[in-house]
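Single-structure report; data block below.
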Amino acid sequence: MNHSHILLPMICLVMMTGGMGIALLTARYKAVKEGSLSIAYFKYNRGGRPPEYLIKITHHFQNLLETPQLFYLSTIVILLLDKTDPIYLGLAWCYLASRMIHSWIHLGSNNVLHRKNAFVVSYLLIFIIWSRLLLQLLTD
């Protein structure tokens with residue numbers, strides 16, 4: 001098994017976050033171009049009411065910069081400690097899938113119940129990854 005494969009789900013999530021950053025920038029340009037907001041609004045995020053599409057993508061981008069940090073750190077720790085195994089790989093890919101589902105819901109229907117469920121699954125996966133890592137460190 002190639003131990004660096006634990007980085008692949010992390011790299012995919014980084015790329016997804018980068019894509020959302022580009023989508024956010026595009027949405028901001030659109031809001032200014034259509035006259036919904038002035039450029040001055042973005043100096044302090046005040047002085048106007050952003051359109052719904054901009055609020056949705058802004059919140060989603062912020063979500064991608066919050067709890068995924070725990071995932072990024074866990075994958076790096078697993079790699080550095082040479083703990084990569086099929087279980088960690090499966091958990092990492094499941095985490096990525098749960099975040100992709102969360103994104104699809106958040107940017108699509110934005111059904112809060114469905115979005116919450118996807119978030120809870122992703123959070124449980126992070127908890128399982130870190131709990132397993134803790135147990136391994138305590139028993140080594």
field: Counted residues, the stretch 24-50 - those being surrounded by 12 or more Cβ atoms within 10 Å (Cβ to Cβ), more than 23 Å from residue 103 (Cα to Cα) and not β-branched (Val, Ile, Thr)
entry: 6
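Out of the stretch 86-118, which residues are touching a His at 6+ places or on another chain (Cβ under 7 Å) and in contact (Cβ under 8 Å) with a residue 24 or more places away in the chain? So that I can check it myself, show each step before the final result.
Let us first name the residues in the stretch 86-118 that are touching a His at 6+ places or on another chain (Cβ under 7 Å), namely 89, 103, 105-107, 115, 118.
89, 103, 106, 107, listed by residue number.
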- prompt: Given the conditions (1) at positive phi; (2) charged (D, E, K, R); (3) without any contact (Cβ under 8 Å) to a residue 12 or more places away in the chain, which single one is not true for residue 82?
  reply: (3)
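We did not get these values from a lab; they are worked out from the coordinates using the rules stated. Keep in mind it's a predicted model, so treat the numbers as computed, not measured. Heads up, the Cβs are rebuilt from the backbone with ideal geometry, glycines too, and the neighbour counts pull from every protein chain shown.
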